[in-house]
Amino acid sequence: MTHRICPNCDGYASAAITLGGRDQNGHLRTITAHCPACHGTGTTRTRSTREGARA
């Protein structure tokens, strides 16, 4: 099996999203969101097909 870039996130599997505001130490409050299709890896597995095989 080979790996290729996830078509859903184009390889950008995780993103930091601000929640608005800052905590008591002055840091931005963020959460991390992962791509649901590749589970944060940025790649998907592809099946190798035999030459001449029908889909």
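The values are calculated or read from the model by the stated rules, or taken from the named source; none is laboratory data. In this text the structure is predicted, and so the values were computed from the model without any measurement. Backbone-built Cβ (ideal geometry, glycine too); neighbour counts: all protein chains shown.
Taking residues in the range 2-13 that are in contact (Cβ under 8 Å) with a residue 12 or more places away in the chain, and partners anywhere that are in a loop (DSSP other than H, G, I, E, B) and loosely packed, with under 12 Cβ neighbours inside 10 Å, the pairs with Cβ atoms closer than 7 Å and at least 6 places apart or on different chains are THR2/SER48. Checking each residue in the range 35-51 for being over 8 Å from the mean Cα position of the chain (by Cα) and either under 15 Å from ALA16 (Cα atoms) or at pLDDT 65 or above (or both) picks out THR44, ARG45, THR46.
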